[in-house]
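Notes follow once the structure below has been shown.
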2 protein chains.
Amino acid sequence: MQELKDRILREGRVLANGILKVDGFINHQVDPALTHACGREFAARFKDLGANKILTAEISGIAPALTTAFHLGLPVVYARKTKPITMPDQVYLTLAPSHTKGRMVELIISPEYLTHGDKVLIIDDFLATGATILGLVRLAEAAGAKIVGIGALIEKTFEGGRAMLEALEVQVESLAVITSMDDGKIVFNEK
Amino acid sequence: MQELKDRILREGRVLANGILKVDGFINHQVDPALTHACGREFAARFKDLGANKILTAEISGIAPALTTAFHLGLPVVYARKTKPITMPDQVYLTLAPSHTKGRMVELIISPEYLTHGDKVLIIDDFLATGATILGLVRLAEAAGAKIVGIGALIEKTFEGGRAMLEALEVQVESLAVITSMDDGKIVFNEK
């Protein structure tokens, strides 16, 4: 998606340890028009999968998942990283490493909102190692739901996440695919 | 806003300690169409304030802040509760009690995205004691920004938050104003 790639080139910054900082329009400050356009693009790519629910992880997944859900007319569920007191005692819980926090985080979903028979489209901000998305997959499978597609705003191919998702045999879409950030230079794939 | 009040009456649940559970459409599962409509309503109420930025707190403020920002054509900044490694060392940080987590949480904003001269509209999911919103006010003031308006999806008048905000002398709008939840019965004000 050219609009997103242009923005990444203009404002993204490559930090140490392969971190791409996009805090100016995705991860701390959010550009609603761009996020809306990304949601529209995801909706177009995933419209024929028969998904009945969008699943994401707080925090940075919420904005793109919400706009995708808006365009598809579906509810969105975001996995919590801390169990609020409004949640029942019995929950689906898994652990996933957080790249930007440098530690393991919990991903928690209430059985009230993810159930057997759900056809789930996962949307997140990054597809890097795939660890967060695989955590969401585990939660969905624990609930008896089926994953039908996976979308990420930004994919970093050199962290191998896509290969980790191959066994799922579902459509995986990224709106900006970065193949290298060597020497701080962001290179997209040719598509 | 009748659509929101109807939904609260239909699906909201009053838990112990004055907690209103709206996890089915605001706090865990989100209804994008309703959130979009709430954003449109906030935008209509706040359109003449000259705001140039929307400020909220992760996590549950993100969705309504994003849709409001979309309708007003403004960027949204969400205060982080954990400092990510993409953030500079010098930040604005304050502490606020979390109702649903039962402990103090940090609210952190990077000076990159909130600066002197900003005219800030705060949007959050709840106005209860006002503690989170006052935390956001402190961060904005620390940055030299000016608060021009405050909006909440749901206000619980019996927790006194509105009085805490009076000294700011800004427009405060809530889309559903709950005056009582005694005996588990949700009562809205007459407006």
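The values are calculated or read from the model by the stated rules, or taken from the named source; none is laboratory data. Being a predicted model, the structure only gives us computed values, none of them experimental. All Cβ positions, even for glycine, are placed from backbone atoms using ideal geometry, and neighbour counts span all protein chains on display. We work out accessible area using only protein heavy atoms, side chains counted, and drop any ligands, DNA or RNA first. Shrake-Rupley method; radii C 1.70, N 1.55, O 1.52, S 1.80 Å.
Overview of results
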| read-out | value |
| --- | --- |
| The stretch B:35-53 - residue that is more than 15 Å from the chain's Cα centre (by Cα) and not in a helix (DSSP H, G or I) and, of those, surrounded by the most Cβ atoms within 10 Å (Cβ to Cβ) | B:Ala51 |
| Given (1) outside any strand (DSSP E or B); (2) facing chain A (nearest Cβ under 8 Å), number of the condition B:Thr132 does not satisfy | (2) |
| Qualifying residue in the stretch B:35-50 (condition: more than 18 Å from B:Gly151 (Cβ to Cβ), in contact with a Lys or Arg (Cβ under 9 Å, 6 or more places away or on another chain) and away from chain A (no Cβ under 14 Å)) | no |
| Any hit, the stretch A:67-81, residues being of a type in the set (Ser, Thr, Tyr), at the interface with another protein chain (Cβ under 7 Å from one of its Cβ atoms), in contact with a Lys or Arg (Cβ under 8 Å, 6 or more places away or on another chain) and open to solvent by less than 30 Å² (accessible area, probe 1.4 Å) | no |
| Flag for A:Thr86 being without any contact (Cβ under 8 Å) to a residue 24 or more places away in the chain, within 11 Å of chain B (Cβ to nearest Cβ), over 30 Å from B:Pro88 (Cα atoms) and β-branched (Val, Ile, Thr) | yes |
| Residue selected from the stretch A:136-147 under the condition more than 18 Å from A:Arg162 (Cα to Cα) and outside any strand (DSSP E or B), by the criterion most open to solvent (accessible area, probe 1.4 Å) | A:Glu141 |
| Only one of A:Ile150, A:Ile154, A:Ile133 that is open to solvent by less than 10 Å² (accessible area, probe 1.4 Å), under 23 Å from B:Lys83 (Cβ atoms) and in contact with an Asp or Glu (Cβ under 8 Å, 6 or more places away or on another chain) | A:Ile154 |
| Residue under evaluation B:Leu114, criteria (1) over 16 Å from the mean Cα position of the chain (by Cα); (2) surrounded by fewer than 21 Cβ atoms within 10 Å (Cβ to Cβ), criterion not met | (2) |
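One line per residue, one yes/no per condition, for (1) among the charged types (D, E, K, R); (2) farther than 28 Å from A:Arg7 by Cβ:
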position	(1), (2)
A:Leu95	no, yes
A:Glu106	yes, yes
A:Gly117	no, yes
A:Ala128	no, no
A:Leu136	no, no
A:Leu139	no, yes
A:Arg162	yes, no
A:Leu175	no, no
